[in-house]
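Q: Have a look at the structure that comes next, please.
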Amino acid sequence: MTEYTEEERRILAYLAESASRGERYFRSRNIADALGLSAKQVGARLPRLAEKSDDIDIEKWGRARSTTWKVTPQS
């Protein structure tokens, strides 16, 4: 079983909930605003969560002004 920090669990729960409602693309600052974290805290954890998570797929999608993350629930 993968161990997550409290912040990682909060981020994963937010992404899973949002993805289940049909949202697929996220920016760190939007996740941070929703969870009361900094964009830097979220941005530093998303690459690690992309490797560790078994429940959702997190993929670095694009980079304009900031990185966009594509999130897909696993079936």
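Q: With the Cα gyration tensor of the chain in hand, convert its eigenvalues to equivalent ellipsoid semi-axes via √(5λ) and list them largest first in whole Å.
A: On the way: eigenvalues 54, 43, 28 Å².
Semi-axes (√(5λ), whole Å): 16, 15, 12.
Q: Moving on. Fewest Cβ neighbours within 10 Å first, please rank THR5, THR68 accordingly.
A: THR5, THR68
Any read-out appearing in this document is the output of simple, stated calculations on the displayed coordinates, not a laboratory observation. Being a predicted model, the structure only gives us computed values, none of them experimental. Every residue, glycine as well, gets a Cβ built from its backbone with ideal geometry; the counts of neighbours run over all protein chains shown.
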